[in-house]
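Visitor: Below is one structure. I have some questions about it.
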Amino acid sequence: QVQLVESGGGLVQAGGSLRLSCAASGHTFSSYTMGWFRQAPGKEREFVAAISGSGGTTYYADFVKGRFTSSRDNAKNTVYLLMNSLKPEDTAIYSCAATKLILTTTPLRFDYWGQGTQVTVSS
């Protein structure tokens with residue numbers, strides 16, 4: 001069982017930055033691929049980024065490439081999402097998730113989810 005808790009969301013102006021954190025419980029954190037997803041009001045959940053267990057491989061949705069960076073610190077059981085050049089359309093609830101599968105972008109393949117953190121970008 002893995003429990004995930006996100007933090008770092010908030011209100012930021014367009015062009016600004018935020019860093020989200022996702023703290024995980026358990027002793028096998030490095031064996032999990034971690035993903036970031038977001039869901040805006042009235043829209044389906046969408047993939048944002050994923051990072052392999054070692055942190056050596058990352059994958060991003062096209063709409064965040066060059067702006068968002070995912071990293072992890074396995075010693076701290078924490079994964080991060082650094083979001084730069086934020087746009088109003090980035091406004092959503094951002095959630096982290098964990099899976100034993102090798103890098104995947106499909107929400108249904110993630111077994112554990114955090115409660116999410118709200119990110120609001122004003123224009």
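The values are calculated or read from the model by the stated rules, or taken from the named source; none is laboratory data. This structure is a prediction, so every number in the text was calculated from the model and none was measured. Note: ideal-geometry Cβ built from the backbone for every residue, glycine included; neighbour counts use all protein chains shown. Accessible surface is based on the protein model in full, side chains and every heavy atom, while ligands, DNA and RNA are left aside. Shrake-Rupley method; radii C 1.70, N 1.55, O 1.52, S 1.80 Å.
Visitor: Could you give each residue of segment 56-72 its phi-based ³J(HN,Hα) in whole Hz, using Karplus coefficients 6.51, -1.76, 1.60 with θ = phi - 60°, and x for Gly or Pro?
Guide: x, 10, 10, 9, 10, 5, 4, 6, 10, 4, x, 10, 10, 9, 9, 8, 8
Visitor: Follow-up. Can you tell me which aspartates and glutamates have their Cα less than 16 Å from the Cα of residue 65? Leave out same-chain residues fewer than eight positions away.
Guide: Those aspartates and glutamates meeting the cut-off are 46, 89, 90.
Visitor: Collect residues whose amide H, placed 1.01 Å from N in the peptide plane, falls under 5 Å from the amide H of residue 68; neighbours closer than 5 in sequence don't count.
Guide: 84
Visitor: Consider just the alpha-carbon atoms of segment 71-123 and return their Rg together with their Dmax, both in angstrom.
Guide: 13.1, 38
Visitor: Continuing with this model, one more query. Please give me the summed charge of the neighbours of residue 63: other residues whose Cβ is under 11 Å from its Cβ, Lys and Arg +1, Asp and Glu -1. Write out the running numbers ahead of the final one.
Guide: Working: positive: 38, 65, 67, 87; negative: 46, 62, 89, 90.
Neighbourhood net charge equals 0.
Visitor: Shifting gears a bit: Only four residue types carry charge here, +1 at the Cβ of Lys and Arg and -1 at the Cβ of Asp and Glu. Report the dipole size of segment 1-86 about the Cα centre in Debye, rounded to the nearest 20.
Guide: Charge dipole, segment 1-86, about its Cα centre: 100 debye, nearest 20.
Visitor: Measuring with a 1.4 Å probe in the full set of protein chains, what accessible area per residue, in whole Å², belongs to the chain?
Guide: Counting only protein heavy atoms, the per-residue value for the chain is 52 Å².
Visitor: Let me ask something additional. Scaled to the compact-protein estimate 2.2 N^0.38 Å, what is the alpha-carbon radius of gyration of segment 6-63, rounded to two decimal places?
Guide: 1.30
Visitor: Please work out the Cα center distance from segment 69-123 to segment 17-34, rounded to the nearest Å.
Guide: 9 Å
Visitor: Over segment 29-123, what is the mean sequence separation of C-alpha contacts under 8 Å (at least six apart), divided by residue count, expressed as relative contact order in percent?
Guide: Across segment 29-123, relative contact order equals 31 percent.
Visitor: Would you tell me the accessible area of residue 93, worked out with a 1.4 angstrom probe on the heavy atoms of the protein chains, in Å² to the nearest 10?
Guide: Accessible area of residue 93: about 80 Å².
Visitor: How long are the semi-axes of the equivalent ellipsoid of the chain, taking √(5λ) for every eigenvalue λ of the Cα gyration tensor, in whole Å from largest down?
Guide: The answer is 23, 14, 13 Å, longest axis first.
Visitor: Which residues' amide hydrogens lie under 5 Å from the amide hydrogen of residue 116, considering only partners 5 or more residues apart or on another chain, with H built in the peptide plane?
Guide: Amide H neighbours of residue 116: 6, 96.
Visitor: Follow-up. So what's the net charge close to residue 119: Lys and Arg +1, Asp and Glu -1, counting the other residues with Cβ under 15 Å from its Cβ?
Guide: Its environment carries a net charge of +2.
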